[in-house]
Structures are given as C-alpha cells and as structure tokens.
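Scroll down for the structure; my scribbles are underneath it.
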Amino acid sequence: MNDILTIILVLIGAPILGCLASGIDRKLTARLQGRVGPPLLQPYYDVRKLFSKDNMVVNPSQNFYVIVYLVFIVLSLLMLVFKQDFLMIIFVYTVASVALVVGGMSTGSPYARVGSSREIMAILSYEPVLILYALAIYLLTGTFKLSALLDKSSPLLIYTPLIFIAMIVVLNIKLKKSPFDYSTSHHGHQELVKGMTTEYGGPGFATIEIAHFYEYVFLTGLIFLFWASTPVIGVLIGIIAYLLVIVIDNITARVYWQWMLKLSWTVLLVMSIVNIAFLYVSGAQLA
Amino acid sequence: MSLAKSPWIIHVNVNSCNGCDIEVVACLTPLYDAERFGVLNIGTPKQADIMVVTGSVNYKNVNVLKNLYNQIPDPKVVLAVGACASTGGIFHDCYNVVGGVDQVIPVDAYVPGCCPRPEAILDGVVAALSILEEKKKGNVKGKEVKLKGNEVPSNA
Amino acid sequence: MIENTVMLLIIVPLLFSLLFVALPKSLYKYLAWAFFIIGVALSVSLVLGGTGVVPVEGPNFAMFENIVLVLEVLVILFILAVSAKYKNWPTLGLGIISAALFAYTYANVPGAESASFNIDQLAQLMILIVNIVGTAIILFATGYMDQYEEHRHLNRQRIFYFTMSFFLAAMNGLVMSDTLGWLYLFWELTTLCSFVLISYNMDEEGINNGFRALALNLVGGVAMSIGIIMLATKYDISSLTGIATYAGTDAVALAALALPVALLCIGGFAKSAQMPFHSWLLGAMVAPTPVSALLHSSTMVNAGVFLVVKLVPAYANTSLGTAIAVYGSFTFVICSALALSQRNAKRVLAYSTIANLGLIIASAGIGTPLAVAASMMLILFHAISKGLLFLCTGEIEHTIGSRDIEDMSGLIKKAPLLTSIAALGMISMLLPPFGVLLTKWVSMEAASNNPVVIVFIVLGSALTTVYYSKWLGTILSSSMDKNAVPHKKLETYFPLSVLALSIIGTSIFIFSIYNYFIGPQVEILLGNVPNITGPVGQFTSEIGAFDYAAVFVVLALAILIYLATKNMFTPRIASYYMCGENNLEKDRLMFRNGLCSYEKSSVSNIYLQNIFGESKLTTFGYAISIILIVIALAGGVGL
C-alpha cells in the first residue's frame, strides 16, 4: 500500500517539481540577462498549449518513440526512488535516451538526423562516466543496490570528489545546456532549427516536455546520492548543482561536439579513473 | 485562455530589407522583453503558433511562404509586420514583387509602419493572440494553401 | 539412450550432406525443412535425456580411433594439396608444421585406451544453438542462394550445402567431445569447412581470404596440438575432464598446467578471431551471408570460446585467468571502437562479434561463479542475436542491393517486416530487458573487482551503444522512395521469425535457462554456484538485482499506451522542415537549391574515421594484444 502511494506521489509530484525547476531556469536566465522573464509556471502553460494543437507528424509512428522515452524515464525515476540496482537504472535510462535519438532519426528530416547523430556523440561522452559512478558506489558499499548506500551515515562526496565534478559536467550534457547544447537546444531555443526534435509538434512535443520534467528530477536525484546520508544536505547539493548548471549555461557559448568528445574522453574519464583507482587501492568503505 | 499564455512565433522574412526583422528581434531583447508574455522564437514551424512575416513577397518566395504556412499546426495566426508585408510598401510596383502577404496566405493581423516600433509589434502580437483564442474556440482550421507552380510575373 | 542421440547428432548431418549432393536442386527446400525439424528434435531430445559421460571403449573405440586418424591424415593432405595448388606458402609452411606435429604425436604420445563424449549442460546449450540456429540458417540459405548465385554466375550450390551440413556434424562432434585428440580433429574439420565456404566465390579475393582464415586457424591449431602433446606426455591427461580433475588436485598442479592450458586457449582465441588473429573474420565477410551467419557468428567462433570456458577450472582465480580477462576485455574495447568507424554493415557485425567474444573470454577469465555464469549466458544470447542480424543483413542486401549503412536509410518504408525484425535484433544487442544486456550487466558486476577489466568493459559498452543506435536510427528513418519490391519467401521469413521469437523467449525465460543449464554447469566447473536468488522476474545476486520483468512490463505498457492514444489526437501528416523549399509537386522530399532545380538532401552518420578508423587503431591493437598474449603464456606474470 505504501509502495502504491509512493508511486502515485512520484508520478504526480515529479512533473510538478520539474515544471517549477524549468520555470526557475527560465526566470533565472532572464534575470541574469537583465530581463523580467516569463512567469514561473510558464513551462506548464507551454505544455497545456501544446496539447491543444494539431498532432502534426511527418512519420505516422514517430510518436511511439517519445512515448517510450517518457515511459522509460518515469521507470528509471521510480527505480531510483525505490532504491534498486544503480547499474540497472543507468541501463534503463539509456533506453530512454536511445529512444529519443531513434525517434529523431525516424522522421527522416535532415536537421533531425544531424541532431540525432550529435546526440549519439553525447551519449558516447557521458555514458562511461555514469557507469564509473555506479562502480564507485560499488567499491564503497560493496553492492550496487542503492538501499545499502542510503543506509550509510557518511556521505559519498568525501570519497568521490572527482567523480562529483565529472557528474556536474555530465549533468550539463544531459540537460542539453551550453556549452553542450548542439543536438537540440532547449534553452537557447534554436540549434539546427530544433535539432532532434524539429519535426515534433503538438502532443508529441508536449510528451517530450513532460519527459524533460521527470528527467530534471531524475538527474537531480543522481546528484542527491552524493550526500544521501543527510537528505537535507543532499537536496541542497542537488539544487546548488542545478543552479550552477543554469549559470554555466548563461556564461558559456556552444562549442563543437568534437570538443565535447575530447573533453569527456580525456579530462572527465581520466578524473573518474583516478578516483576509482584511489578507491580501489585504498579499499575504503563507507561507514 | 491556454493558447494566449504561450505564443510561440516563427519569424519568416520574404523579400524584406531587414528593417522590420531587426525590430522583431529587438522585441526579444531585454529592453522590450517579449518573453515575459511567454513568446519564444521557435525556428521550426511545427511548434509555432504565430507566423510573423516581414517583407513584400517576391515570386521566388511564394512557394516558401505557402510551404511554411502548411507546416504550422492549427490553430495558427499570421501577423504581417511592416508596410511591405501589409501591402507591398514602397516596392509595391516592382516587377518581382507580389505585393503583400495576404496575396498568398490568409493574414490575421497587420502592423503598419516602416519599420514599426517594437511596442507596435508587441501590440500586434497581443491582437493576434485574441484572434488565436477565437480560432481555437471555434475550431477554425486553416486551409492548406495550394501551390500554383513556379510563379512568374506576366510582364517578365 | 544418450549414446544413440550422440551418434545420431553426428551421423544425421553427414547423411544430409550426402543427400544434398545426391538430390537435385529443386528438392533442397524440402531437405532443409526436414533438416530443421530433425535438428530441433534431436537437440531437444539430447537436452531431455539428461547429462552424462558417454564412454567409447573396446572394439568400438579401436574402430573410431582409426577413423579419426585417417581423417586427420586426410585433413593434413588436403591442406598441403590446396596450399601447394594455389602457391600459398605461409599455409603450406603451417601445414607442414601440423603434419610434423601429427607425426610426432602418432609416434611418441602414448595412445589412450578409450575416448569419451561429455554431455554436460554447456554441451547441451551449444547443441541447442548449433542445431536450431544452424538448421534455421540452412533453411534461410535455400531462399537466398539462388539469387546470390545468379548475381555472380556461379553454380556450386552442391558443394555449399554439402559443406554446411558437414560443418554441422563437425560442430556437433566438437562440443560433445571430451577426448582432446578427437576435439582436435573436429576443430580442424571446422577450419577446413570454413576455408571451403569462404572461398566459395572462387575469385581471387575469396581465395585469398580463405587462405588467410586457414593460416590463422592453423596457427591456433599448432598451438593447440603443442598444448595437447605437452598435456599427454608430461601429465598423462587426454581429456577435458582430465584437465579439470588434475587442476583440482593442488596448487602446484594448477600452476604446472598454466602453459599448456594457455596454449589451448590461444587455439581458442584464434578460432574466435580475437586480436591479433581478427583479420580472418573480417576477410571472411566476402562469403555469402548464410556462411557468415552460421560459421562466423553463431557456431564456429563459439567453438573457441566454448573451449576457453571449458578450461575455466584450470585457470580460475590464478594470474593466468586475470591475464586472459584483461586480454578479452582489451579486444572488446578495441573492436567496439573499430566498429564505430565502419560503414559496411557486415564489417560492423564482424567487429561486434569479435568484441562480444572478447567479452565472453573476459568474463570466463575473471573466474568468479557469477562471471562464468555470465560468459555462458552471453554465448547463448549472442549466438541468437548475431545470427539474426547477419541473416537480416543478407536479406537487406537482396532488397536494396547494398551493404552500406547509409544506403539503408529509410528501409522501414521499403520492407517493414524485415526492418522490424532487424530493429529487434539490434535492440536485443543493446538495450534491456533483452538477454545480451542482462549478461553484460552481470559481467560488469562480476568484473567490478578488477579495475582494468571493468574500465575496458565500460568503455566498450558505451561504444557499442553508439554504433548500434546509429544503425538502428538509419534503418528506421522514413525518407526513402519505394522502388524496391521485397521478396516475401517463407524460407526467408520463417528462420527470421524463429530467431526473433527465440530472442524474446530466451529473454523472458532467462531464469529457467539459468536454473536448468547455467547454474549446474558453473557448479561442475568451479565447485560452487553463484548466489543467484530472487523471485522469478528479478535477477538477484549478492551485489545487485536486475528487474527484467519490470522492464518487459513497462515496454509492453508503452506499446499499449501508444496504440491506445494513436487516434486520440488525429495525426495530420506534413512534410519535414526544409526551410520551406520542399518541392510540393511530387514527393516533398526534395528541396529547391540555389539554381532553382530540385535535389535530394542526404545526411550521413558520424563515423569518426580519423579517431576510430582501422588505419589508426589496428596497429595499436595488434601490439597490445600480442604483448598480452605473451604475458598470458608466461603465466600471467604478476597480474
């Protein structure tokens, strides 16, 4: 009974949180640019408007992929809340990302195909770091299951500072914010027209937006795990990381995907491997 | 009510001198800040509500305009910005100019001026929004504008 | 009862190979159907017959041993003859070395008194794969070869079917044999079949690649025979179970076995086309697609990893095991990187095969019960998925006339059923809840204690995601014109459907497969069982849990939601955005360019050939893999 209540709470509460997070994003960006900015609930108005538009498609089955995207992001969020195996959560999350990429390519539009190719490069950049993060949790707690991590009393961050920095960059890549927003730019509003999501309109695009809301909560949850022993501090770290991402978004310019690939496979990967090596050699365990 | 809270525009330039374009883009800058009304400059027609057209139409651009109009999902409104978009402006009699956007696609609101001030453009957007709401309520669907082949002027 | 099934499993394919030669071409279809049904029946009856060792002794043994010796001599003579005929000196040299080793064995090594066939769970699993997937592929070939030969003006189908069936007999013998001498014979027979089938085209490229396969496999064969000779002379071991028993006696024995076992493993590496032997598998892609599907993805290359897994008791938890694990995972990451840069679909699949075989070897090398279980599961799932993908590529090639991934853009409009099955194959290699990903998850969790191996596996897994999703998106994109007519033959689509349903079935019933085959086999090999518990539907070990049932349910839910809401918002079809320059007169797929004419837009995927290209990575791969093999031979110094 408790489980069902939790599921309902997550299903209803997460998009609300995500919507507010997105609204804070736009408001903060506007203030940083010296403007007034839209009202806080603007993303909700956007989604409501999109549902009342025509369902315009290029390929009659293109909405299937965004439904898979939404459903699997919800599933990975639920699995995170229910403290399942972290490596499994990452793989389920990969299904969602690949579904969106394939959905973009399925329309056949040249802009969408270029956007999807670039998003595949983004997947290549962040996936090793995510799995090494899971490995760090294993090395510190002896299991991949998150239930063990959430029982500990000392935070993860003390032992994995380099992975934390790498995860902040991965957060940037996943949220498609500058300097990594070249597959589709949500925030800068145009890159390759709209990149992967160019040909999605109406309810299809609304589904993508709702999935983005869930994704904000999920990704902040990944950062929350760094200090899961004291939930308040964990939530605080998550919020600070998100605000940091917004600020970085506003002060950087879009770069080439080749630069991102180089950055990720040299700097981020080496940082994570150094951290893992340290954990492996010292044999530290979380108390 | 819901549509008026989040109008996304697609900005199309057909044969404009770019004067009106600069004013349209200026609406999105911090001084005038159209985003406080939820206005976003979306590049793709499939996610747009308002088609902001500048420029008097020339013969090469006719099919482009129709193409883009057909790719915007309903309900949609067209806003013609500037004297050229309304009637052809000072280029009205040129050999290559069709003369005004409403010769090609149905227009819902006109913003006169050469070039109109950003406040006037925002005024036009607000007027277009109320028309948008009416279209939504009345479930008015835009007709697909048919192409007429490569248009050439009769005195070419 | 088992003896009869064992005999039938070797004799029946031989019978069919003779039938294929004797009967006219029009009857091949029916022969293939009969072969499929009989193959399924035989393999299932072997599984139901239980496990056990089938000894062959007494007068039977003497007769079979003579047959084996005669066949060995024939094989060597054939190799010498064919390499002399085509003046291929490396192969001739290797053939002479093989002949010398054979003569030495015959003269000096004491003969055994009996031979045996060991039917354990791994052998049963391999028999199921070989006979169900293999006969399905032969069925597919009956629908494929006519068009193939028509394009190339050949008329050698008799030899083709003869060799394919003969190969199935050899493969059956290989996975059931326990005696090392007989294993070696079947091994060489499969090498021979591979040579004949690769050079099927009889053009220069085919013959060169055939000889390359022959030479590299002979290198492995030479290593194997040296290992067998060492085992027989020094330790008096002549069977695989003998190795396991001897290794279990004490630590000194275990350490002494390191060198001969390493040599046997090198034979396995060569057969499984690991680096640095991988060039033969890439060259083998010139063969007809059923050959690639049968030999070079599901069965023959699996023989190599089969041997490596069978030898687990001899190197588990030793430095040799760690060396093998590092070597396997290195191949996994390098070949995944190389696959990224390939445009030829068959080369992508070849590199992917080599990479996954490397992953199997890496898991076997790690040596914990969980890891060995992972390697066996991966053998099963990979064989089915890769066989399906190769068959789909062959059929796609017949539909559009090209193997290039870029030409497959928009395939979903031309051949929807074929594209869906191919998409299922690719998704099964890549995403949960299907078997390959589940075993990759198990491998990762099992490898977590070995930092080098886990980092390689992580990188390789990320690269795998890239090249498969690239290809998946390309075939599902919908921009093509429909001028090709798909050939809808039952012989083509029945095997594809059987394989596709097997993928889904094995992924759903993975727990039953684990309990019936994998768990007991790991117990036989290592003495203790991995701690897999958990309710059916969740794969729980001591360090993690995978809720594959939940993912299946959610996937089904997504499909249901889509079907339910499909017409809730009436779809309105529009053309895609090309800045308004779509040509509205015809198909709206072309755009008007600056010269006022219409042209098609084409976007290709990112291949990164300057980073992951073959010219950049192959030399590096050769160097590191040779170093790793030398380290393995030296007993895994200090690892």
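The values are calculated or read from the model by the stated rules, or taken from the named source; none is laboratory data. Remember, it's a predicted structure, so these values are computed and weren't measured experimentally. Quick reminder, even Gly has a Cβ in these numbers, built from the backbone with ideal geometry, and neighbours come from all protein chains shown. SASA here: full protein model, heavy atoms, side chains in, ligands and nucleic acids out. Shrake-Rupley method; radii C 1.70, N 1.55, O 1.52, S 1.80 Å.
Can you find, within the stretch B:18-30, the residue that is farthest from the other protein chains (Cβ to nearest Cβ) among those that are closer than 18 Å to B:Cys115 by Cβ and without any contact (Cβ under 8 Å) to a residue 40 or more places away in the chain? Outline the logic, then answer.
The initial filter retains those residues of the stretch B:18-30 that are closer than 18 Å to B:Cys115 by Cβ, namely B:18-29.
Restricting the remaining residues to those that are without any contact (Cβ under 8 Å) to a residue 40 or more places away in the chain gives B:18, B:21, B:25, B:28-29.
Values: B:Asn18: 17, B:Asp21: 15, B:Val25: 12, B:Leu28: 9, B:Thr29: 8 Å.
Looking at residues that are closer than 18 Å to B:Cys115 by Cβ and without any contact (Cβ under 8 Å) to a residue 40 or more places away in the chain, I get B:Asn18.
Kindly list the number of the only condition in (1) open to solvent by 10 Å² or more (accessible area, probe 1.4 Å); (2) in contact with a helix residue (DSSP H, G or I) (Cβ under 7 Å, 6 or more places away or on another chain); (3) over 30 Å from C:Ala244 (Cβ atoms) that fails for C:Ile132.
Against the list (1) open to solvent by 10 Å² or more (accessible area, probe 1.4 Å); (2) in contact with a helix residue (DSSP H, G or I) (Cβ under 7 Å, 6 or more places away or on another chain); (3) over 30 Å from C:Ala244 (Cβ atoms), C:Ile132 comes up short only on (3).
Considering A:Lys194, A:Lys262, which residue is more than 16 Å from the chain's Cα centre (by Cα) and buried (at least 23 other Cβ atoms within 10 Å of the Cβ)?
Working: A:Lys262 fails: buried (at least 23 other Cβ atoms within 10 Å of the Cβ).
Just one listed residue meets the conditions, A:Lys194.
Residue by residue through the stretch C:153-194, note down the ones that are over 27 Å from C:Leu42 (Cβ atoms) and either touching a residue at least 40 places away in the same chain (Cβ under 8 Å) or in a helix (DSSP H, G or I) (or both). Outline the logic, then answer.
Within the stretch C:153-194, the first condition is being over 27 Å from C:Leu42 (Cβ atoms), and the residues that meet it are C:153-156.
Once the filter is applied, which keeps residues that are over 27 Å from C:Leu42 (Cβ atoms) and either touching a residue at least 40 places away in the same chain (Cβ under 8 Å) or in a helix (DSSP H, G or I) (or both), the stretch C:153-194 yields C:Leu154, C:Arg156.
State all residues of the stretch C:300-358 that are surrounded by fewer than 24 Cβ atoms within 10 Å (Cβ to Cβ) and of a type in the set (Lys, Arg); if no residue qualifies, say none.
Once the filter is applied, which keeps residues that are surrounded by fewer than 24 Cβ atoms within 10 Å (Cβ to Cβ) and of a type in the set (Lys, Arg), the stretch C:300-358 yields C:Arg343, C:Lys346, C:Arg347.
Look at A:Thr143 and say whether it is β-branched (Val, Ile, Thr) and surrounded by 22 or more Cβ atoms within 10 Å (Cβ to Cβ). Give the steps one after another, and end with the answer.
Numbers: β-branched (Val, Ile, Thr): yes; surrounded by 22 or more Cβ atoms within 10 Å (Cβ to Cβ): no.
Taking the combined requirement at face value, the residue does not satisfy it.
From the list A:Ala122, A:Ala134, A:Ala148, A:Ala166, pick out the single residue that is within 14 Å of another protein chain (Cβ to nearest Cβ) and either at positive phi or surrounded by fewer than 21 Cβ atoms within 10 Å (Cβ to Cβ) (or both). Walk me through it before giving the result.
Working: A:Ala122 fails: either at positive phi or surrounded by fewer than 21 Cβ atoms within 10 Å (Cβ to Cβ) (or both); A:Ala134 fails: either at positive phi or surrounded by fewer than 21 Cβ atoms within 10 Å (Cβ to Cβ) (or both); A:Ala166 fails: either at positive phi or surrounded by fewer than 21 Cβ atoms within 10 Å (Cβ to Cβ) (or both).
Just a single option satisfies the conditions, and that option is A:Ala148.
Does the stretch C:264-286 hold any residues that are among the small types (Gly, Ala, Ser) and crowded, with 24+ Cβ neighbours inside 10 Å, and which are they? Explain how you work it out, then say what you get.
Of the residues in the stretch C:264-286, the ones among the small types (Gly, Ala, Ser) are C:267-268, C:270, C:272-273, C:279, C:283-284.
C:Gly267, C:Gly268, C:Ala270, C:Ser272, C:Ala273, C:Ala284, listed by residue number.
Given the condition surrounded by 24 or more Cβ atoms within 10 Å (Cβ to Cβ), at the interface with another protein chain (Cβ under 7 Å from one of its Cβ atoms), over 30 Å from C:Thr439 (Cβ atoms) and out of contact with any helix residue (DSSP H, G or I) (no Cβ under 6 Å at 6 or more places or on another chain), answer yes or no: does some residue in the stretch A:86-96 qualify?
Among the residues of the stretch A:86-96, not one is surrounded by 24 or more Cβ atoms within 10 Å (Cβ to Cβ), at the interface with another protein chain (Cβ under 7 Å from one of its Cβ atoms), over 30 Å from C:Thr439 (Cβ atoms) and out of contact with any helix residue (DSSP H, G or I) (no Cβ under 6 Å at 6 or more places or on another chain), which makes the answer no.
Filter the stretch C:551-561 down to the residues that are at the interface with chain A (Cβ under 9 Å from one of its Cβ atoms) and in contact (Cβ under 8 Å) with a residue 40 or more places away in the chain and list them by number. Step through it out loud before you land on a result.
Looking only at the stretch C:551-561, we keep the residues that are at the interface with chain A (Cβ under 9 Å from one of its Cβ atoms), and these are C:551, C:554-555, C:557-559, C:561.
If the condition is that a residue be at the interface with chain A (Cβ under 9 Å from one of its Cβ atoms) and in contact (Cβ under 8 Å) with a residue 40 or more places away in the chain, then C:Val551, C:Leu555 are the ones that fit.
Of everything in the stretch C:562-602 that's surrounded by fewer than 17 Cβ atoms within 10 Å (Cβ to Cβ), at the interface with another protein chain (Cβ under 7 Å from one of its Cβ atoms) and not in a loop (DSSP other than H, G, I, E, B), which residue is farthest from the chain's Cα centre (by Cα)?
Applying the filter and picking the extreme gives C:Arg572.
Across the stretch B:41-69, which residue is nearest to A:Glu209 (Cα to Cα) among those that are within 14 Å of chain A (Cβ to nearest Cβ) and more than 13 Å from the chain's Cα centre (by Cα)? Working first, answer last.
The initial filter retains those residues of the stretch B:41-69 that are within 14 Å of chain A (Cβ to nearest Cβ), namely B:41-51, B:67-69.
With the extra rule that they be more than 13 Å from the chain's Cα centre (by Cα), the set shrinks to B:42-44, B:46-47, B:67.
On the way: B:Ile42: 15, B:Gly43: 17, B:Thr44: 16, B:Lys46: 15, B:Gln47: 12, B:Asn67: 26 Å.
Going through the qualifying residues, I end up with B:Gln47.
Residues of the stretch C:385-427 being of a type in the set (S, T, N, Q) and surrounded by fewer than 19 Cβ atoms within 10 Å (Cβ to Cβ), which ones? Break it down into steps so the answer makes sense when it comes.
Narrowing the stretch C:385-427 to residues of a type in the set (S, T, N, Q): C:385, C:393, C:399, C:402, C:409, C:419-420.
Once the filter is applied, which keeps residues that are of a type in the set (S, T, N, Q) and surrounded by fewer than 19 Cβ atoms within 10 Å (Cβ to Cβ), the stretch C:385-427 yields C:Thr399, C:Ser402, C:Ser420.
Count, please, the residues in the stretch A:25-49 that happen to be part of a helix (DSSP H, G or I), buried (at least 20 other Cβ atoms within 10 Å of the Cβ) and within 8 Å of another protein chain (Cβ to nearest Cβ).
5
So which residues in the stretch C:176-228 are open to solvent by 10 Å² or more (accessible area, probe 1.4 Å) and touching a Lys or Arg at 6+ places or on another chain (Cβ under 7 Å)?
Scanning the stretch C:176-228 gives a single hit, C:Asn201.
Here is a check on your reading of the model: is C:Phe620 more than 7 Å from chain A (Cβ to nearest Cβ), within 30 Å of A:Phe91 (Cβ to Cβ) and either of a type in the set (A, V, I, L, M) or open to solvent by less than 30 Å² (accessible area, probe 1.4 Å) (or both)? Step through it out loud before you land on a result.
On the way: more than 7 Å from chain A (Cβ to nearest Cβ): yes; within 30 Å of A:Phe91 (Cβ to Cβ): yes; either of a type in the set (A, V, I, L, M) or open to solvent by less than 30 Å² (accessible area, probe 1.4 Å) (or both): no.
Against the criterion (more than 7 Å from chain A (Cβ to nearest Cβ), within 30 Å of A:Phe91 (Cβ to Cβ) and either of a type in the set (A, V, I, L, M) or open to solvent by less than 30 Å² (accessible area, probe 1.4 Å) (or both)), C:Phe620 does not qualify.
For residues in the stretch C:505-539 being in contact with a Phe, Trp or Tyr (Cβ under 8 Å, 6 or more places away or on another chain) and free of Cβ contacts under 8 Å to residues at least 60 places away in the same chain, which is farthest from C:Leu48 (Cα to Cα)?
Restricting to residues being in contact with a Phe, Trp or Tyr (Cβ under 8 Å, 6 or more places away or on another chain) and free of Cβ contacts under 8 Å to residues at least 60 places away in the same chain, the top hit is C:Gln538.
If I filter the stretch C:105-129 down to residues being modelled with pLDDT under 85 and part of a helix (DSSP H, G or I), which single residue comes out as most open to solvent (accessible area, probe 1.4 Å)?
Among those that are modelled with pLDDT under 85 and part of a helix (DSSP H, G or I), it is C:Tyr106.
Can you tell me which of A:Asp151, A:Asp181 is farther than 30 Å from C:Asn567 by Cα, among the charged types (D, E, K, R) and touching a residue at least 60 places away in the same chain (Cβ under 8 Å)? Show your work before the answer.
On the way: A:Asp151 fails: touching a residue at least 60 places away in the same chain (Cβ under 8 Å).
Step by step, each of A:Asp151, A:Asp181 is checked, and only A:Asp181 is farther than 30 Å from C:Asn567 by Cα, among the charged types (D, E, K, R) and touching a residue at least 60 places away in the same chain (Cβ under 8 Å).
Does at least one position in the stretch A:76-85 carry a residue that is open to solvent by 10 Å² or more (accessible area, probe 1.4 Å), within 7 Å of chain C (Cβ to nearest Cβ) and not in a helix (DSSP H, G or I)?
There is at least one residue in the stretch A:76-85 that is open to solvent by 10 Å² or more (accessible area, probe 1.4 Å), within 7 Å of chain C (Cβ to nearest Cβ) and not in a helix (DSSP H, G or I).
In the stretch A:173-199, what residues are within 10 Å of chain B (Cβ to nearest Cβ), touching a strand residue (DSSP E or B) at 6+ places or on another chain (Cβ under 8 Å) and either more than 14 Å from A:Asn250 (Cα to Cα) or in a helix (DSSP H, G or I) (or both)?
Hits for the stretch A:173-199 are A:Gln190, A:Glu199.
Just give me the residues in the stretch C:493-534 being of a type in the set (S, T, N, Q) and open to solvent by 20 Å² or more (accessible area, probe 1.4 Å), in sequence order.
From the stretch C:493-534, those of a type in the set (S, T, N, Q) are C:497, C:502, C:506-507, C:512, C:515, C:521, C:528, C:531, C:533; that's our starting set.
Passing the criteria: C:Ser497, C:Ser502, C:Thr506, C:Ser512, C:Asn515, C:Asn528, C:Asn531, C:Thr533.
Checking the structure you have, find out if any residue of the stretch A:16-28 is in contact with a Ser or Thr (Cβ under 6 Å, 6 or more places away or on another chain) and among the hydrophobic types (A, V, I, L, M, F, W, C). If you could, list the steps in order and put the result at the bottom.
First pass over the stretch A:16-28, keeping only residues in contact with a Ser or Thr (Cβ under 6 Å, 6 or more places away or on another chain): none.
Scanning the stretch A:16-28, I find no residue that is in contact with a Ser or Thr (Cβ under 6 Å, 6 or more places away or on another chain) and among the hydrophobic types (A, V, I, L, M, F, W, C), so the answer is no.
Name the residue that is farthest from C:Ile427 (Cα to Cα), counting only residues in the stretch A:101-116 that are open to solvent by 10 Å² or more (accessible area, probe 1.4 Å) and in contact (Cβ under 8 Å) with a residue 40 or more places away in the chain.
Of everything passing the filter in the stretch A:101-116, A:Tyr111 is farthest from C:Ile427 (Cα to Cα).
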